[in-house]
1. Can you give me the orientation-averaged projected area of the convex hull built on the Cα atoms of the range B:219-339, in nm²?
2. How large is ³J(HN,Hα), in whole Hz, for each residue of the range A:175-191 in order, when computed from phi with the Karplus curve 6.51 cos²θ - 1.76 cosθ + 1.60 and θ = phi - 60°, using x for Gly and Pro?
3. Viscosity 1.306 mPa s, temperature 10 °C: what is the translational diffusion coefficient of chain A from Stokes-Einstein with a Kirkwood Rh over Cα pairs, rounded to a whole number of µm²/s?
4. Assuming a ≥ b ≥ c are the square roots of the Cα gyration tensor eigenvalues, decide whether the protein assembly as shown counts as rounded (a/c under 1.5), prolate (otherwise, with a/b larger than b/c) or oblate.
5. In the range A:118-134, which residues become less accessible by 10 Å² or more once every protein chain is in place, relative to the chain on its own, using a 1.4 Å probe?
6. Ignoring solvent entirely, what values of log10 I(q)/I(0) come out of the Debye formula for the range A:12-156 at 0.10, 0.18, 0.22 Å⁻¹ when each Cα is a single scatterer?
7. Place the label 7 angstrom along Cα→C-beta at residue C:327 and in each other copy, then list the distances from the first to the rest in nm, shortest first.
8. So how strong a dipole does chain C carry about its Cα centre when Lys and Arg Cβ are +1 and Asp and Glu Cβ are -1, to the nearest 20 debye?
Amino acid sequence: MRLAVLAEKIGAVVDGDGSLEITGLAPIDEAGPGSLTFVANPRYAKHLLTTAASAVIVAEDVEVGNLTALRAPEPYAAFVAALAIFDARPRPVAGIHPTAVVADSASVGEGAYVGPYAVIGDDTVIGRDARIYPHVVIYPQVTIGDRFVAHAGAVVRECVRLGDDVRLQPGCVLGGDGFGFLPVGDVPPAIPQIGGVEVGDGVDIGANTTVDRAAIGDTRLAKGVKLDNLVMVAHGCRIGEASLLAGQVGMAGSTVIGRRVQAGGQAGFSGHQVIGDDVRLGARAVPVGDVAEGRTVAGYPAVEAGLWRRCVAALERLPDLLKRVRALERRLDGDGDRK
Amino acid sequence: MRLAVLAEKIGAVVDGDGSLEITGLAPIDEAGPGSLTFVANPRYAKHLLTTAASAVIVAEDVEVGNLTALRAPEPYAAFVAALAIFDARPRPVAGIHPTAVVADSASVGEGAYVGPYAVIGDDTVIGRDARIYPHVVIYPQVTIGDRFVAHAGAVVRECVRLGDDVRLQPGCVLGGDGFGFLPVGDVPPAIPQIGGVEVGDGVDIGANTTVDRAAIGDTRLAKGVKLDNLVMVAHGCRIGEASLLAGQVGMAGSTVIGRRVQAGGQAGFSGHQVIGDDVRLGARAVPVGDVAEGRTVAGYPAVEAGLWRRCVAALERLPDLLKRVRALERRLDGDGDRK
Amino acid sequence: MRLAVLAEKIGAVVDGDGSLEITGLAPIDEAGPGSLTFVANPRYAKHLLTTAASAVIVAEDVEVGNLTALRAPEPYAAFVAALAIFDARPRPVAGIHPTAVVADSASVGEGAYVGPYAVIGDDTVIGRDARIYPHVVIYPQVTIGDRFVAHAGAVVRECVRLGDDVRLQPGCVLGGDGFGFLPVGDVPPAIPQIGGVEVGDGVDIGANTTVDRAAIGDTRLAKGVKLDNLVMVAHGCRIGEASLLAGQVGMAGSTVIGRRVQAGGQAGFSGHQVIGDDVRLGARAVPVGDVAEGRTVAGYPAVEAGLWRRCVAALERLPDLLKRVRALERRLDGDGDRK
């Protein structure tokens, strides 16, 4: 595709030679002739002077040397648009594979692809234009909106309710039984988890992530929630709109997370707590108790991120500090009678 | 169901209007008319005064205002009994789906449900009244007791042995090869993991949890062990009766955990260590070395939980402490020759 | 097998009675007559005096009391050779099960076993002698080398490229979409992940581990990389030859790990950082920023392992230290006007 044509499609302006042919996208340190590249992280900006890419998407004021630039007011959005244009990954065509087991009482809307060995249970209702890859299992009495995408091995247990535009990566599990046992006897009795899981529109669930159902009430992921891989959402948790949880985050039971919260990888929530809107949690952070709206916290127990950085920096000096305090005590004691 | 009838079934006494009709169970802050509710966590007790629930299960001495109460000596057990009564989730009926591949040499006891595309390997023996959901894979030479429940995508590798009443959530893996490689060369050679996995009666395994087989000997989960989701049990670990491990707990190889141990979410075990009976580990705790029976520990390296709380509280004051010690040194030096 | 015969096969010398019959391998504290055992961890050496094993594999200079020894210059390698000899686990025979769905345009080399319900997509090419267990799903346009082993429920997404001798444990996912969303609006738009995943020869992937594809460029695991269970490798990461990551390790996006790196369980990488060759990370370590070649680090933020041990040892004394500093301040103030 000619660069000038591409520029128009992604809302950018060519600064340089618009007649260049672009054949794909590549990272700046690997790009060759014909490639379009993009710099989001300042760490990689130094490569602008040496890259073999034909062109780069940048903001309007970024210096790019001799490189041809596609300048856009929102360069990240322009980059995303370019990715969509060059996405050549194979896509299944609509149709229900003869080996799929779709219950007679189930309903699958128009335009669906249902792959080999997918199983759709009794009374389950799925909207239009679904893409259900091989080996997806949807239990009975599930309701799912339009444009559902479920990759191989994803499992949706009974009675779970999903909105429109929900996408499941391979191996994720929605509606597994919450971890509830009475801690008595040599075989702790299970607490039946008869509640549900409700997932809003536009939610993405990562590979092998698990979202449990509760004893009573629903576990809820609001509109636009995004969960990365291997995340654990326990029974009765609620996550507000557009919150993003990175890989291996864990939420203990009945954690309530507000809107637009972002949690770094391996962060943990100890349960029965409320995290306000727009909170940012560093990787590995564990808030103990509630966190007020808008705070940025880190560490365990999580405190204000700057304080945490100062604390851990100070920690390296603690062994030395112990010696210094002992020296002070000796000087005050004069005769050194304190060891 | 009339409240008076329900009360009798769950071993409770009506304190109020026994003629109320109960249609389901709901969390106290979401319950409406017709709902029965329950308060386990004191955090939610304040809702007793404002809930729209028709009735609440409580202990004999709890004040509930105008609400009708079901009073029970063991309110949690009564709540569990009520959950079982109102559990309306669809259940498969017995029968082996024509698409299930059950090896000729395998044996499945009476009363089993085996769902679409389940695979049961050669010489595998499964007891009576199993519920094997779609897409479960049981490898050859596995032995399983009665009342086995395995949800979609669960995998049991070859030669694993399971007792009665074992329940597997979706996607869990029993008997994967332990992580054993000789750390030499550019392709570290694998150490064959020819040992087994032995799981006792009444064990529950969470979604996408993994329990590995060992090079020699068995990885063992004793009777009544309960593992939450995304837990990692490495080769050669042993977990004692009725121990409960919460989500994302990780056990390195050859960890030995005693009976009735409880570990909070994301706790870790560094391996080749012995954790005594009745130990409690806080969320994210990592014991280094053995832990004596009955202790309650937290932090990394895990220490007595109260000490850990004091330490992390003190940590916030460390940057200030550094300044104070420097000030003391200057005062003692008099002329401030020390910076 | 007679001990003398076994000794020759594994490159060891009999020190004792070579006519003993060996029927299997067992851990030293469980071994009975007929068993061969092995001591790798010095923790278990005490059992040499009391074990009921018939023989033990040890180095040339280890004292074993009355026990018959198989002495080898590399006892661990001899043990691995013995494990391979006694590996009696059932193995599938070559052949493609009639229920496997192999696309017409796919190619599977000679000698393959393809189990029930495996799915192999369009234009996928797999080398010779593959072992593809039931319920493995390989998407279209994947390329895979020789001697591929994939256990039940493993998923390889479209366009992923694997070398020779790659082994996948159950439930792992290669090529899931990286976690990329523009953090705007109430449904953050997805950044298409059109890059690939490239996996070198001799790589092992643990159960339920996930390796994501990137927006652009490849996520890369070099020759001989070994990942344990429940590991998360985010989009754009690169791992060098023969590096070993233990269970539940998490790598945020674009982390670059060198060769022969070893990371303990639950370690984390915060992303966009470079970890040098031969670095060792303790369990739960989180390096912040780059780590130079050959270092051994621990803690969060990870520092030199010895320093970290001293710091956490000192941390236990911090509450007391606060009191001591206050006491010093009072003594210097004389009248105690400082509280």
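The values are calculated or read from the model by the stated rules, or taken from the named source; none is laboratory data. Note that the structure is a prediction, hence the values are computed from the model and not measured. We place every Cβ from the backbone using ideal geometry, glycine too, and count neighbours over all the protein chains shown. In case anyone asks, the SASA skips ligands and DNA or RNA and just uses the protein heavy atoms, side chains included. Shrake-Rupley method; radii C 1.70, N 1.55, O 1.52, S 1.80 Å.
1. 9.1
2. x, x, 5, x, 7, x, 9, 6, x, 9, x, 8, 10, x, x, 6, 8
3. This corresponds to a translational diffusion coefficient of 67 µm²/s.
4. rounded
5. Residues shielded by partner chains are A:119, A:133, A:134.
6. Debye output, listed in q order: -0.54, -0.85, -1.18.
7. So the distances to the same position in the other copies read 2.0, 2.0 nm.
8. Dipole magnitude for chain C comes out near 1140 debye.
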